[in-house]
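A.B. asks: Right, I'll just put the structure down here and ask away after.
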Amino acid sequence: MDPVALFTLQLLNALSLSALLFFIALGLTLIFGIMRVINFAHGAIYMLGAYVGVTTQTLTGSFALSLVLAPLAAALLGLAFERSALTRLYAREHSAFLLVTFGLALALTEAIRLAWGPDPRQAELPAALAGIVFVLDEPFPVYRLVLIGAGAAAALALWLLLHRTRLGLLMRAASQNAAMTAALGNDVAAVRAAVFALACGLAALGGALAAPLFTAYIGLGTSVIIDAFVIVMIGGMGSFVGTAVGSLLVGFAQTFGNFYFPELALGATYALMIAVLLLRPGGLFGREE
Amino acid sequence: MTPAAPRAVLAAIAVLAALGFVLPGYAVTLLTEAIILALFALSLDLLVGHARLVSFGHAGPWGFGAYVAAGLLLVLQLPLPVAALGAALATALVAVPVGWLCVRTTGVAFAMLSLAFAQLGYAVVFKWSAVTGGSDGLPGVPRGGGPLGLDWLATREGFHVLAALALAGAYLIARGFTVSPLGRVAAAVRENEARAQALGYDPRRTRLAVFVLSYGLAGLAGGLYAGFARYVSPELFFWTVSGHVLVMVILGGAGTLVGPMIGAMALFFLEHQLSGLTESWGLALGIVFILVVIFAPRGLMGWIEDALRRGRRASRADP
Amino acid sequence: MPILDCRGLTRAWGALRAVDDVDLAVEAGETCAVIGPNGAGKSTLFAMIAGNLKKTAGRVLLDGEDVSALPAHRIAARGVARTFQITAVFPGLPAVENVRLGLQAHDPLRRRPIGGGAALARGAEEALHWLRRVGLADRAATPAGELAHGDQRLLEVAMALAQRPRLLMLDEPTQGMSVEETRRTVDLLGRLIAEEGVTVLLVEHDMEVVFALAPRVVVLHRGRKIADGPAAEVRADAGVQAAYLGGLD
């Protein structure tokens with residue numbers, strides 16, 4: 001194959017992987033921004049999105065509907081968990097939050113195993129998305145291009161939400177100074193709940209989008225959560241731009257690394273995360289705490 | 001904690017060791033594994049409970065110790081106890097530079113750093129096939145007794161006793177540390193870092209001491225596990241292992257040393273018994289874990305201590 | 001030779017000079033108070049001396065030795081003890097253990113990772129003695145975090161004195177106390193300082209406290225030292241009056 005075409009295809013592959021990672025990392029960073037904690041359950045939520053997506057599609061035949069129902073289900077679950085469990089922990093130290101979200105990850109993974117069984121589930125892509133296009137005379141799946149578009153659209157939508165809406169204003173204010181935001185008469189508890197639900201919805205949307213590509217299987221969440229951690233730590237916890245850049249870095253490192261340096265790619269991402277955490281503890285685009 | 005506690009713990013471990021000669025073979029094997037897990041949880045409690053450094057990377061020293069021991073057993077044909085001790089020492093040695101970097105931070109950043117180092121170990125072991133066997137791992141790890149009539153240690157009962165001895169020794173070391181001058185300083189750094197520093201204690205070096213001790217004991221546990229399973233694989237390094245041992249510590253009662261050991265053994269046997277009976281066992285465990293973190297942060301041991309206190313008060317009121 | 005000798009201490013945050021070229025020498029046995037309106041740079045000065053904050057310029061000498069570059073624990077080990085403006089104790093540890101940790105700091109066995117029972121027994125005995133001196137002996141087994149606010153501040157004083165410091169730095173020791181508590185605390189501090197013969201550097205808001213404890217007063221205003229002398233003179237100083245009334249430009 002022509003090296004230029006090969007490189008271009010790898011580039012598109014990397015972008016589509018970055019887009020999927022962006023959905024899950026963005027939620028993590030939103031939650032961190034406002035609550036100063038890491039949500040360990042985010043990978044399991046992503047997995048839930050994949051399963052709900054597949055089932056919706058199997059039952060109704062509509063891929064579009066699966067992209068609505070999966071995030072909706074996850075957002076409701078997130079809301080319920082935030083209201084019932086997390087609110088009790090904001091006064092405690094951060095490790096309690098870390099542990100309780102890890103508990104949710106355990107419980108959710110097992111609940112999914114009970115509900116869907118141990119076998120992987122896959123749904124067919126609708127015909128319109130299942131085709132291939134020719135990029136520099138080489139075939140490339142249309143769906144991967146769709147993913148790139150979806151990632152870009154999500155980035156734009158979130159940016160507008162953060163900078164053009166009242167909720168976004170409150171989210172940014174609360175991430176700067178929650179006590180002051182509350183003192184000014186804003187309902188920070190409601191903002192937290194909204195952010196957690198939104199973040200879960202985003203992760204599940206990513207899962208539903210990923211399902212036709214990777215299938216839904218038990219363990220989908222455990223591998224992807226580590227990638228998301230790496231992204232958020234490198235980009236800067238709580239930073240929108242940092243998350244976008246981090247997603248691209250990890251997406252490219254994995255795609256190109258696996259192709260050109262398969263021995264080193266896996267370790268290099270972790271080494272990069274360690275280096276960033278030590279040299280710039282706030283991440284590349286985060287502020288120092 | 002009453003001063004009698006260590007003696008009670010050692011007596012309990014002695015009973016566990018003696019059970020190795022009484023129980024049927026498969027039960028002894030189970031009990032041996034439970035003892036190794038108890039040692040693993042004990043080592044993590046030093047970090048999580050005593051120093052309040054929540055590590056999500058304890059699979060790192062566990063896996064590292066296992067691979068070191070496997071290497072010593074496979075390549076150098078060393079006797080089992082020597083391989084396990086070698087694993088502990090090698091892990092403690094590696095923990096010095098790793099810990100030096102990790103203990104610059106606390107809280108979430110520490111959790112993420114410890115996780116990243118463990119995953120780095122996973123990546124190295126997974127990809128460096130020439131040495132580690134890659135994703136296949138290293139099968140057929142021998143249990144050599146070596147000279148000096150140590151062959152008995154390679155038998156089912158002998159290995160069981162060896163594991164119990166290791167647990168007793170590790171408990172004495174961990175307990176001795178927490179009540180020692182340096183251990184008290186570690187508690188002070190946990191409670192208020194700035195205050196401890198103003199008294200003249202170096203917070204980072206104090207945390208490093210706990211880190212190295214904790215990793216060394218986890219390496220010992222991992223080394224024993226390699227001899228137990230006779231097989232090591234990259235999965236030992238995977239982060240879910242770190243999460244699993246963390247659950248054992250929290251459910252048992254972080255900061256009590258005894259609690260995590262009980263938690264590890266209880267969880268291991270419950271898993272073994274219940275996972276066969278009901279499919280929803282894992283879900284129930286997850287929910288119980290969430291409830292314990294929220295409502296009973298002192299875990300099983302906190303519950304036991306409260307019950308004992310109530311009992312003592314009742315007996316005092318009614319002489 | 002003064003115990004503490006600060007030369008040209010400066011701390012700048014961007015263009016703002018929180019502490020600006022301050023010289024301050026404290027002789028052995030002296031009690032010296034640093035006063036000034038909010039934002040005068042008192043806490044910044046304190047933090048630089050204690051090694052909690054990097055200096056933009058200037059040096060700190062302890063007994064003639066330059067300690068400017070040392071971290072806080074090394075400075076503490078050289079005999080500087082302090083209390084914090086916002087109460088800092090070990091909340092989960094018993095009161096007696098809080099004080100014992102102060103004593104352990106100069107015990108030769110302080111870094112023993114195992115054993116060391118002799119050091120611990122020595123310390124516990126002596127710690128009780130210190131608790132008695134600040135009137136907290138009956139609360140020895142109580143976790144420090146469960147003590148009343150005023151008692152926690154006294155506990156901090158006991159911890160600092162237990163370090164047997166060359167220099168004791170008190171950061172607003174009566175902060176948050178009632179009038180009655182303040183009066184009792186001032187009496188107690190005055191007595192302890194006299195009995196121990198310890199050198200004291202005091203930051204305080206409450207002028208009553210300052211004039212009751214410190215024969216010498218240093219005034220900071222906008223980061224600069226504007227007065228330094230016997231308390232009575234400083235009290236009468238027109239510039240100081242103006243600074244406190246908000247004038248002086």
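The values are calculated or read from the model by the stated rules, or taken from the named source; none is laboratory data. None of the values given here were measured: they were computed from a predicted structure. Cβ sites come from the backbone with ideal geometry, for glycine too, and all protein chains shown count toward neighbours.
A.B. asks: I'm trying to understand the selection: among the residues of the stretch A:90-112, which are of a type outside the set (Val, Ile, Thr) and at the interface with another protein chain (Cβ under 7 Å from one of its Cβ atoms)? Give the steps one after another, and end with the answer.
C.D. replies: Here is the first cut: in the stretch A:90-112, the residues of a type outside the set (Val, Ile, Thr) are A:90-99, A:102-108, A:110-111.
Those that are of a type outside the set (Val, Ile, Thr) and at the interface with another protein chain (Cβ under 7 Å from one of its Cβ atoms): A:His94, A:Ser95, A:Ala96, A:Leu98, A:Leu99, A:Phe102, A:Gly103, A:Leu104, A:Leu106, A:Ala107, A:Glu110, A:Ala111.
A.B. asks: Moving on to the next point. State which residue pairs qualify: first residue in contact (Cβ under 8 Å) with a residue 24 or more places away in the chain and inside the stretch B:113-132, second residue among the basic types (Lys, Arg) and part of a helix (DSSP H, G or I) in any location, beta carbons under 6 Å apart, and separation of 6 or more residues or different chains.
C.D. replies: Every condition considered, no pair remains.
A.B. asks: Evaluate the following for A:Leu209: is it more than 26 Å from A:Ser84 (Cβ to Cβ) and either among the acidic types (Asp, Glu) or under 12 Å from the mean Cα position of the chain (by Cα) (or both)?
C.D. replies: Yes; evaluated as a whole, the condition is true for this residue.
A.B. asks: Hey, another quick one. Is one or more of the residues making up the stretch C:25-37 closer than 26 Å to C:Val186 by Cα, modelled with pLDDT of 90 or more, within 15 Å of the chain's Cα centre (by Cα) and at the interface with chain B (Cβ under 8 Å from one of its Cβ atoms)?
C.D. replies: no
A.B. asks: In the stretch B:203-319, which helices (runs of 4 or more DSSP H) lie fully inside it and hold 1 or more residues that are over 30 Å from B:Ala87 (Cα atoms), within 13 Å of chain A (Cβ to nearest Cβ) and among the polar types (S, T, N, Q)?
C.D. replies: Numbers: elements: B:203-229, B:239-252, B:258-277, B:281-295, B:299-317.
Passing ranges, in order: B:258-277.
A.B. asks: Within the stretch B:133-153, can one find any residue that is within 12 Å of another protein chain (Cβ to nearest Cβ), surrounded by fewer than 24 Cβ atoms within 10 Å (Cβ to Cβ) and at pLDDT below 95?
C.D. replies: The first filter runs over the stretch B:133-153 and keeps only residues within 12 Å of another protein chain (Cβ to nearest Cβ), leaving B:134-135.
Within this subset, residues satisfying the condition of being surrounded by fewer than 24 Cβ atoms within 10 Å (Cβ to Cβ) are B:134-135.
Cutting the leftovers down to at pLDDT below 95 gives us B:134-135.
Checking the stretch B:133-153: at least one residue is within 12 Å of another protein chain (Cβ to nearest Cβ), surrounded by fewer than 24 Cβ atoms within 10 Å (Cβ to Cβ) and at pLDDT below 95.
A.B. asks: Another question, then. Suppose we filter B:Gly63, B:Gly86 for residues that are of a type outside the set (Lys, Arg), surrounded by 21 or more Cβ atoms within 10 Å (Cβ to Cβ), closer than 24 Å to A:Ala275 by Cβ and more than 9 Å from chain A (Cβ to nearest Cβ); which single one remains? I'd like the intermediate steps shown before the answer.
C.D. replies: Values: B:Gly86 fails: closer than 24 Å to A:Ala275 by Cβ.
Step by step, each of B:Gly63, B:Gly86 is checked, and only B:Gly63 is of a type outside the set (Lys, Arg), surrounded by 21 or more Cβ atoms within 10 Å (Cβ to Cβ), closer than 24 Å to A:Ala275 by Cβ and more than 9 Å from chain A (Cβ to nearest Cβ).
A.B. asks: Does A:Ala130 meet the test of being in contact (Cβ under 8 Å) with a residue 24 or more places away in the chain, small (Gly, Ala, Ser) and more than 9 Å from every other protein chain (Cβ to nearest Cβ)? Reasoning before the result, please.
C.D. replies: On the way: in contact (Cβ under 8 Å) with a residue 24 or more places away in the chain: no; small (Gly, Ala, Ser): yes; more than 9 Å from every other protein chain (Cβ to nearest Cβ): yes.
Answer is no for this residue.
A.B. asks: Just name the residue that is farthest from the other protein chains (Cβ to nearest Cβ) out of those in the stretch B:179-200 that are among the β-branched types (Val, Ile, Thr) and either buried (at least 23 other Cβ atoms within 10 Å of the Cβ) or touching a Pro at 6+ places or on another chain (Cβ under 6 Å) (or both).
C.D. replies: Initially, the stretch B:179-200 is screened for residues among the β-branched types (Val, Ile, Thr), giving B:179, B:185, B:189.
The next check asks that each one be either buried (at least 23 other Cβ atoms within 10 Å of the Cβ) or touching a Pro at 6+ places or on another chain (Cβ under 6 Å) (or both); those that pass are B:185, B:189.
Details: B:Val185: 7, B:Val189: 9 Å.
Selected residue: B:Val189.
A.B. asks: Out of all the residues in the stretch A:174-184, is one or more surrounded by 21 or more Cβ atoms within 10 Å (Cβ to Cβ), part of a helix (DSSP H, G or I) and either at pLDDT 85 or above or within 14 Å of another protein chain (Cβ to nearest Cβ) (or both)?
C.D. replies: Looking through the stretch A:174-184, none of the residues is surrounded by 21 or more Cβ atoms within 10 Å (Cβ to Cβ), part of a helix (DSSP H, G or I) and either at pLDDT 85 or above or within 14 Å of another protein chain (Cβ to nearest Cβ) (or both).
Conditions tested, residue by residue: (1) aliphatic (A, V, I, L, M); (2) under 13 Å from B:Ala196 (Cα atoms); (3) surrounded by fewer than 18 Cβ atoms within 10 Å (Cβ to Cβ).
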| position | (1), (2), (3) |
| --- | --- |
| C:Cys32 | no, no, no |
| C:Ala40 | yes, no, no |
| C:Phe46 | no, no, no |
| C:Gly64 | no, no, yes |
| C:Arg74 | no, yes, yes |
| C:Leu103 | yes, yes, no |
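A.B. asks: Of everything in the stretch C:85-97 that's at the interface with chain B (Cβ under 7 Å from one of its Cβ atoms) and within 30 Å of C:Arg59 (Cα to Cα), which residue is surrounded by the most Cβ atoms within 10 Å (Cβ to Cβ)?
C.D. replies: Residue satisfying both the conditions and the ranking: C:Val89.
A.B. asks: Residue by residue through the stretch A:69-124, note down the ones that are β-branched (Val, Ile, Thr) and either more than 18 Å from A:Val224 (Cα to Cα) or out of contact with any helix residue (DSSP H, G or I) (no Cβ under 9 Å at 6 or more places or on another chain) (or both). Before the answer, list the steps.
C.D. replies: First, the residues of the stretch A:69-124 that are β-branched (Val, Ile, Thr): A:87, A:100-101, A:109, A:112.
Of everything in the stretch A:69-124, those that are β-branched (Val, Ile, Thr) and either more than 18 Å from A:Val224 (Cα to Cα) or out of contact with any helix residue (DSSP H, G or I) (no Cβ under 9 Å at 6 or more places or on another chain) (or both) turn out to be A:Thr87, A:Val100.
A.B. asks: Output the residues belonging to the stretch B:221-242 that are surrounded by fewer than 24 Cβ atoms within 10 Å (Cβ to Cβ) and more than 23 Å from B:Asp45 (Cα to Cα).
C.D. replies: B:Ala229, B:Arg230, B:Tyr231, B:Ser233, B:Pro234
A.B. asks: Could I ask something else about it? Before we move on, is B:Ile262 within 25 Å of A:Thr87 (Cα to Cα) and either surrounded by 13 or more Cβ atoms within 10 Å (Cβ to Cβ) or not aliphatic (A, V, I, L, M) (or both)? Break it down into steps so the answer makes sense when it comes.
C.D. replies: Working: within 25 Å of A:Thr87 (Cα to Cα): no; either surrounded by 13 or more Cβ atoms within 10 Å (Cβ to Cβ) or not aliphatic (A, V, I, L, M) (or both): yes.
It is false that B:Ile262 is within 25 Å of A:Thr87 (Cα to Cα) and either surrounded by 13 or more Cβ atoms within 10 Å (Cβ to Cβ) or not aliphatic (A, V, I, L, M) (or both).
A.B. asks: So if I check each of A:Leu198, A:Leu266, A:Leu284, A:Leu202, which one is more than 14 Å from the chain's Cα centre (by Cα), more than 14 Å from chain B (Cβ to nearest Cβ) and either more than 30 Å from A:Ala111 (Cα to Cα) or in a helix (DSSP H, G or I) (or both)?
C.D. replies: Details: A:Leu198 fails: more than 14 Å from the chain's Cα centre (by Cα); A:Leu266 fails: more than 14 Å from chain B (Cβ to nearest Cβ); A:Leu202 fails: more than 14 Å from the chain's Cα centre (by Cα).
Just one listed residue meets the conditions, A:Leu284.
A.B. asks: Oh, and also: Anything in the stretch A:67-115 that is of a type in the set (Ser, Thr, Tyr), at pLDDT below 90 and in a helix (DSSP H, G or I)? List them, or say none.
C.D. replies: Matches in the stretch A:67-115: A:Thr87, A:Ser95.
A.B. asks: Specify the residue that is farthest from C:Ala95 (Cα to Cα); the eligible residues are those in the stretch C:129-156 that are among the aliphatic types (A, V, I, L, M) and surrounded by fewer than 17 Cβ atoms within 10 Å (Cβ to Cβ).
C.D. replies: Applying the first criterion (among the aliphatic types (A, V, I, L, M)) to the stretch C:129-156 yields C:131, C:134, C:136-137, C:140-141, C:144, C:147-148, C:154-155.
Keeping just the survivors that are surrounded by fewer than 17 Cβ atoms within 10 Å (Cβ to Cβ) gives C:137, C:141, C:148.
Numbers: C:Ala137: 9, C:Ala141: 6, C:Ala148: 12 Å.
Filtering first and then ranking leaves C:Ala148.
A.B. asks: For a quick check of your reading of the model, give me the residue pairs whose first member lies in the stretch B:48-70 and is in a helix (DSSP H, G or I), whose second is of a type in the set (Lys, Arg) and surrounded by fewer than 24 Cβ atoms within 10 Å (Cβ to Cβ), with beta-carbon atoms closer than 8 Å and at least 6 apart or on different chains.
C.D. replies: Partner pairs satisfying both residue conditions: B:His50/B:Arg190.
A.B. asks: I would also like to ask the following. Kindly provide the set of residues from the stretch C:98-121 that are at pLDDT 90 or above and more than 7 Å from chain B (Cβ to nearest Cβ), ordered by number.
C.D. replies: We begin by selecting, within the stretch C:98-121, every residue at pLDDT 90 or above; these are C:98-104.
C:Asn98, C:Val99, C:Arg100, C:Leu103 - these are the residues of the stretch C:98-121 that are at pLDDT 90 or above and more than 7 Å from chain B (Cβ to nearest Cβ).
Here is a yes/no grid of residues against (1) in contact (Cβ under 8 Å) with a residue 24 or more places away in the chain; (2) assigned to a helix (DSSP H, G or I):
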| position | (1), (2) |
| --- | --- |
| C:Phe84 | yes, no |
| C:Ala88 | yes, no |
| C:Leu101 | yes, yes |
| C:Gly115 | no, no |
| C:Arg122 | no, yes |
| C:Leu128 | yes, yes |
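A.B. asks: Looking only at the stretch B:102-139, count every residue that is in a helix (DSSP H, G or I) and basic (Lys, Arg) and tell me the total.
C.D. replies: The initial filter retains those residues of the stretch B:102-139 that are in a helix (DSSP H, G or I), namely B:102, B:107-127, B:129-132, B:134-136.
Filter again for basic (Lys, Arg), leaving B:127.
Going through the stretch B:102-139 one residue at a time, the tally reaches 1.
A.B. asks: Report yes if some residue within the stretch A:215-234 is touching a residue at least 60 places away in the same chain (Cβ under 8 Å), under 14 Å from the mean Cα position of the chain (by Cα) and outside any helix (DSSP H, G or I); otherwise report no.
C.D. replies: No: the stretch A:215-234 contains no residue that is touching a residue at least 60 places away in the same chain (Cβ under 8 Å), under 14 Å from the mean Cα position of the chain (by Cα) and outside any helix (DSSP H, G or I).
A.B. asks: One residue is enough: does the stretch B:139-156 have a residue meeting the conditions within 24 Å of the chain's Cα centre (by Cα), closer than 21 Å to B:Val15 by Cβ and of a type outside the set (S, T, N, Q)?
C.D. replies: The answer is yes, given that some residue of the stretch B:139-156 is within 24 Å of the chain's Cα centre (by Cα), closer than 21 Å to B:Val15 by Cβ and of a type outside the set (S, T, N, Q).
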